[in-house]
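Undergrad: The following block contains the structure, expressed as structure tokens.
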Amino acid sequence: MALLQISEPGQTTAPHQHRLAVGIDLGTTNSLVATVRSAQAQTLPDENGHHLLPSVVRYGEEVIEVGDAAVEHAVKDPSNTIVSVKRLMGRAAADLKSLGESSPYEFSTGDSSVAKIKTRSGDVSAVEVSAEILKTLKNRAIATLGDDLVGAVITVPAYFDDAQRQATKDAARLADLNVLRLLNEPTAAAVAYGLDTGQEGVIAIYDLGGGTFDISILRLKQGVFEVLATGGDSALGGDDFDHVIAEWMLQQAAYKKTPSPSLVRLLMREARSAKEQLASDNEVNIKVEAEDFKWQGVLSLSQMRDLIEPLIKKTIMACRRSLRDADVSAEDVLEVVMVGGSTRTLAVREMVGEFFQREPLVSIDPDKVVAVGAALQADVLAGNKPGDEMLLLDVIPLSLGIETMGGLSEKIIYRNTPIPVAKAQDFTTYKDGQTAMAVHVVQGERELVDDCRSLARFDLRGFPPSVAGAARIRVTYQVDADGLLTVSAREENSGVEASVDVKPSYGLTDSEIETMLRDSMDHASDDMHSRMLREQQVEAERVVEALDAALKKDGDELLSEEEKGNISEARELLVNAKASDDSENIKAAIKKLENACADYVARRMNSNIRNAMQGHSVEEYAGKDQE
Amino acid sequence: MTTDILSSNFFALFDVPVSYDVDLDLVQQRYRDLQKAVHPDKFVNASDQEKRISMQQTSRINEAFNALRQPVDRAIYLLSLKGVDLNLENETTMDAVFLMGQMEMREALSEIHSADDPLAELDDFSRQIKDKMKSMMDGFSQALESDRLDDAREWVRKMQFMQKAKKEVDELSAKIEDELY
């Protein structure tokens, strides 16, 4: 993707043209895709009218099934049907073992350090499984909206570390989806409710899904969403409600035996539907007849409340803890946003409302709210709202450090630092004659490296030997706007350098992704050549249009006659190349024009800052506020 | 061409006077304006070169913002502008009374477990630390204004001690809460 679009920030060259972008909530249990149409953000249904896509992928004998089709086969074919793959994202084989025996899959490590699940279609990584889900959602969007998809905003939990974010981005790349931005789920939910333009203050996002609970405390200040604290329970959700209700039924029916797996499934289903009915009714009649189980009875709202109250209390405890971590009290919380299907349960809303002493926000479907917020942000990023002032600034959720002598983590970038950010720190050798240094990158708040998460290791080798403490090794951490890290090390006296994009430990290497992409292309019936040619032609058109617009605006001001001549020459070359049907030729001409414009672009970017800082006055700010 | 703005000092970048008593509201406002001009989200559809420059500019602005808004970081940065490097090992000996106070505090913290209401006492510690920090900031500001750089440096060292103490108090609170619930 070599785009050369010299445009004003926040403006596209063709403002009349709506650029299609989607928001994707890639969830543990369900996933959704949403987009902004006629100024409304809405989730997109499949051909059966279902908005929620179960995050389930089955590697069948002939085809890969995703969603409802995969769910149907999950019971019969558990080892080839992958559920809750999000829990495995960015995890290495060693991490997966610590998940316990609960996992039904067989893992294989193979040549790559990435853990893979054994299926009948071969070993698949969590990234590949997620890519199947993303592909399904992408195809749904294309089928509904036409095929010019600019890109997607994909949501991730606020606590996702670098490896998990990288894995999510890799999955998108594998699904041939351009990621405009990774967005924190709680931030997306807040955006869906328009809180980014509202009053400044502390916002709590209470997210209770089927199997997970997350609480995030955010602070909105001057358009910056800061994640103050996150907490939760990765093994607590609405399914646990169903479980206690099912147990209650067994108890009521005085069923003494150990229920068979199929009976348990049936009772869970009945419990779930009873729970859902109690979101609107005061009581529900339940009648179950299966195998040797026969029972009929009534479950009232208050009875259910008694049953699930201990579980909800657990979530409230986590809220209390997160508030303390954030150093705010319940009264400081301005709004509480409810996310996740399980927040439809009335008892949950009541107890959450009681704890925060305010009515939680529930007007947007809690299953869809994250996708809706992501779609709104995607619309802004795609450039559809040139006048929009919205800018979400994110912070890094966990501190990034480096291992120093004694297995201690020296923090280089602290949590809650706004991103993107770069930070350098100098280190030295501890032995005489040392010519190499191992760099171990870790993430987490704890002092000991063993308690933090290991992200990457690499060596800086071949600097000249000297006495201990004489070498000066500058290690630089650069985190981009998506929270992804690049680390480089340089011995300053000799200029020896090494750097790493942090992903080899858990993510996929570039070559692995290339191979996977090529494999998937082979299967596609698309004519690759005509597709690439079309892409390059569109690209060329965009580049020329953008350049013309920029030249018109400030070309005379920023360029000498000679420079203008060079650019115009390269532009002419590209216009001619575009007419040919050789995509490589067009690509080369784009590159050439890019190079010719390099200085010009740099100057424009600099004048950009100057303009932002020019002519400040109190009146100006007052005027802006009134808009 | 020039990258003068990015290599200029943090105060100049934010167009605020070089002083410890910086107007934090104004810094916030300028931060927001700068971000609107340079943030990568404004260059999603731009060329790789623009994306790269946008990231460098934003990183620099974030670095400056962090240094300006945190009391200890701001102090360290101001000293560095005066050519004083805090990382140098040749430390002057610190105020004995201050060190004494620190030791007493550590001792009190280590015994807090057996207190009747440890959380309340820890809250009390937090408040004390906050107050002390406030007066240290004043001390630093005055020392810097009158160019007593050794004094200013000592104030920073004390602030760093307090910052560390605050972290310990917070961690201890979390630990005791875990035990209670």
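Undergrad: Of all the residues that make up region B:16-39, how many are at the interface with another protein chain (Cβ under 8 Å from one of its Cβ atoms) and in contact with a Ser or Thr (Cβ under 9 Å, 6 or more places away or on another chain)?
TA: 4
Undergrad: Follow-up question, since we're still on this one. Looking at region B:40-76 only, could you name the residues that are assigned to a loop (DSSP other than H, G, I, E, B) and facing another protein chain (nearest Cβ under 7 Å)?
TA: B:Val44, B:Asn45, B:Ala46, B:Ser47, listed by residue number.
Undergrad: With A:Asp214, A:Asp196 as the choices, which residue is surrounded by 19 or more Cβ atoms within 10 Å (Cβ to Cβ), in contact with a helix residue (DSSP H, G or I) (Cβ under 9 Å, 6 or more places away or on another chain) and within 14 Å of chain B (Cβ to nearest Cβ)?
TA: A:Asp196
Undergrad: Does B:Leu6 fit the bill of being touching a residue at least 12 places away in the same chain (Cβ under 8 Å), within 10 Å of chain A (Cβ to nearest Cβ) and surrounded by fewer than 20 Cβ atoms within 10 Å (Cβ to Cβ)?
TA: yes
Undergrad: Let me ask something else about it. How about region A:141-156: which of its residues are of a type outside the set (A, V, I, L, M), away from chain B (no Cβ under 14 Å) and surrounded by fewer than 22 Cβ atoms within 10 Å (Cβ to Cβ)?
TA: Result: A:Thr144, A:Gly146, A:Asp147.
Undergrad: Of all residues being exposed (fewer than 14 other Cβ atoms within 10 Å of the Cβ) and among the charged types (D, E, K, R) in region A:422-445, which is farthest from the chain's Cα centre (by Cα)? Just the residue, please.
TA: It comes out as A:Asp432.
Undergrad: Read through the list (1) assigned to a loop (DSSP other than H, G, I, E, B); (2) within 14 Å of chain A (Cβ to nearest Cβ), then give the number of the only condition that B:Gly83 fails.
TA: (2)
Undergrad: If I filter region A:397-416 for residues that are under 15 Å from the mean Cα position of the chain (by Cα) and either touching a residue at least 24 places away in the same chain (Cβ under 8 Å) or farther than 17 Å from A:Leu180 by Cα (or both), do I get at least one hit? So that I can check it myself, show each step before the final result.
TA: Restricting attention to region A:397-416, the residues satisfying the condition of being under 15 Å from the mean Cα position of the chain (by Cα) are A:397.
Then keep just the ones that are either touching a residue at least 24 places away in the same chain (Cβ under 8 Å) or farther than 17 Å from A:Leu180 by Cα (or both); that gives A:397.
Yes, region A:397-416 contains a residue that is under 15 Å from the mean Cα position of the chain (by Cα) and either touching a residue at least 24 places away in the same chain (Cβ under 8 Å) or farther than 17 Å from A:Leu180 by Cα (or both).
Undergrad: Any residue at all in region A:355-374 that's more than 14 Å from chain B (Cβ to nearest Cβ), in a helix (DSSP H, G or I) and more than 22 Å from the chain's Cα centre (by Cα)? Outline the logic, then answer.
TA: Taking region A:355-374 as the starting set, the residues that turn out to be more than 14 Å from chain B (Cβ to nearest Cβ) are A:355-373.
Still in the list and also in a helix (DSSP H, G or I): A:355-356, A:369-373.
Filter once more, keeping what is more than 22 Å from the chain's Cα centre (by Cα): A:355-356.
The answer is yes, given that some residue of region A:355-374 is more than 14 Å from chain B (Cβ to nearest Cβ), in a helix (DSSP H, G or I) and more than 22 Å from the chain's Cα centre (by Cα).
Undergrad: In region A:241-261, what residues are among the β-branched types (Val, Ile, Thr), under 17 Å from A:Ser302 (Cβ atoms) and surrounded by fewer than 19 Cβ atoms within 10 Å (Cβ to Cβ)?
TA: A:Val244
Undergrad: Looking for whichever is within 14 Å of chain B (Cβ to nearest Cβ), in contact with a strand residue (DSSP E or B) (Cβ under 6 Å, 6 or more places away or on another chain), under 30 Å from A:Val191 (Cα atoms) and surrounded by fewer than 19 Cβ atoms within 10 Å (Cβ to Cβ) here; the options are A:Asp327, A:Asp233. Which one fits?
TA: Going through A:Asp327, A:Asp233 in turn, just one is within 14 Å of chain B (Cβ to nearest Cβ), in contact with a strand residue (DSSP E or B) (Cβ under 6 Å, 6 or more places away or on another chain), under 30 Å from A:Val191 (Cα atoms) and surrounded by fewer than 19 Cβ atoms within 10 Å (Cβ to Cβ): A:Asp233.
Undergrad: Further, regarding this structure: Kindly evaluate A:Glu445 against the criterion of being in a loop (DSSP other than H, G, I, E, B) and more than 16 Å from A:Gln478 (Cβ to Cβ).
TA: The answer is yes for A:Glu445.
Undergrad: Restricting attention to region A:375-408, and to residues there that are surrounded by fewer than 18 Cβ atoms within 10 Å (Cβ to Cβ) and away from chain B (no Cβ under 14 Å), which single residue is nearest to A:Val339 (Cα to Cα)?
TA: A:Leu408
Undergrad: Among the strands (runs of 3 or more DSSP E) lying completely within region A:209-317, list those that include at least 2 residues that are more than 28 Å from the chain's Cα centre (by Cα) and modelled with pLDDT of 85 or more.
TA: Counting at least 2 such residues, we get A:283-290, A:293-300.
The values are calculated or read from the model by the stated rules, or taken from the named source; none is laboratory data. Since we're looking at a predicted model, the values are computed, not measured. Methodologically, a virtual Cβ is constructed for each residue, glycine included, from the backbone with ideal geometry; neighbour enumeration extends over all protein chains shown.
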